[in-house]
Amino acid sequence: SAAMRGVITVRGTLTCVYTPQLALGLALTGGESALVFRRGRARVALAVDDVDDIRVIELRHLRDTPGLDGSGGVLLGVVRHGDSLLSLVDADLLLAACQAVPLKETA
């Protein structure tokens, strides 16, 4: 897939690393870190610019994403945290979207 960036070793197991930029429509500025997810028995990683903190979000505080009609996509909504709005994504849909990006053919 065009979104596959490479592989890393996580606890002795090769783990595919994908870039979420095509699925999210955002460009990574560094992408030197990886967020690792467990999907069943496998691990999959997403390249990220940075991880600032881990937050527990109560879904009852989730609001619709401004400017989107809520009809699908990886964004579940936004939640206010202090003076900021945090976007919440569906990790399973994001990973599936990254893995489904077709590889461009070159002649």
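Throughout, read-outs are computed from the coordinates displayed, never taken from laboratory work. All values reported here derive from a predicted model rather than from experimental measurement. Cβ coordinates were reconstructed from backbone atoms using ideal geometry, including for glycine residues, and neighbour counts include every protein chain displayed.
Compute the length gained on full extension between F37 and L62: take 0.36 nm times their separation in residues and subtract their Cα-Cα distance, giving the result in nm to one decimal. Could you put the intermediate results ahead of the total?
On the way: separation 25, 0.36 × 25 = 9.00 nm, distance 2.22 nm.
The span from F37 to L62 would gain 6.8 nm if fully extended.
Angle check, please: helix 91-100 long axis (alpha carbons) against the longest principal axis of the chain (alpha carbons), in degrees 0 to 90, nearest 10.
Around 40 degrees separate the two axes.
Taking R0 as 30 Å, what's the FRET efficiency between Q99 and D52 from their Cβ-Cβ distance, rounded to 0.05? Please list the in-between numbers first.
Details: r = 26 Å, r/R0 = 0.86.
So, using R0 = 30 Å, E works out to roughly 0.70.
Determine ³J(HN,Hα), in whole Hz, for all residues of the range 17-26 in sequence, where each value follows from phi through the Karplus function 6.51 cos²θ - 1.76 cosθ + 1.60 and θ = phi - 60°; x replaces Gly and Pro.
10, 10, 9, x, 4, 5, 5, 9, x, 10
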